[in-house]
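Heads up: the structure comes next, in C-alpha cells.
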Amino acid sequence: MPPSSTRPTNKLDDDDYPAYTMGRAAEMLGTSPAFLRALGENRLITPLRSDGGHRRYSRYQLRIAARARELVDQGTKIEDACRIVILEDQLEEAQRINEELRAERATTSPST
C-alpha cells in the first residue's frame, strides 16, 4: 500500500513500523479489538506479529482503520467499508504515480 522507496532511519518516524499492540491500537481508535480483527478478516489491514504471536499495528494501518471506522460509524457494513477504503487507497496511489509521471515528462520533454 504505502510506497517503500525511502525508509526512515528512525523507527519513530517510520509509518510502517508495527509499534502498537492490539489493545493500544483499539484504544487509540476508540473501538474494540474485535473491530481490528474484523478488518484483518476482510483483508483491509494485516498486522505484523511479535515474537510471541501478538498483533502489532503501524501508524499507517491505524489511519486506514480509522477511515474504515468512520464509514462504519456512518452506517456502512464493515465488509463494504473495507472495500471502499481499499479502493480509496488504490486511487490515491494511482494519482501519486500519475503526478510523478507528469513531472518526469515535464522535465524530459523538449520545449516548444
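Screening the candidates 109, 50 for the property of being polar (S, T, N, Q) and within 17 Å of residue 33 (Cα to Cα) yields one hit, 50.
Looking only at the range 9-55, how many residues end up being among the basic types (Lys, Arg) and either surrounded by 16 or more Cβ atoms within 10 Å (Cβ to Cβ) or under 22 Å from residue 70 (Cβ atoms) (or both)? Summing the residues that are among the basic types (Lys, Arg) and either surrounded by 16 or more Cβ atoms within 10 Å (Cβ to Cβ) or under 22 Å from residue 70 (Cβ atoms) (or both) in the range 9-55 gives 4. Applying the criterion of being of a type in the set (A, V, I, L, M) and over 14 Å from residue 32 (Cα atoms) to the residues of the range 56-77, the residue that is surrounded by the fewest Cβ atoms within 10 Å (Cβ to Cβ) is 71.
Every number here is computed from the coordinates shown, using simple stated rules; none is lab data. Keep in mind that this is a model prediction, so the values were computed, not measured. For neighbour counting, all protein chains shown are included, and Cβ atoms are generated from backbone atoms with ideal geometry for every residue, glycine included.
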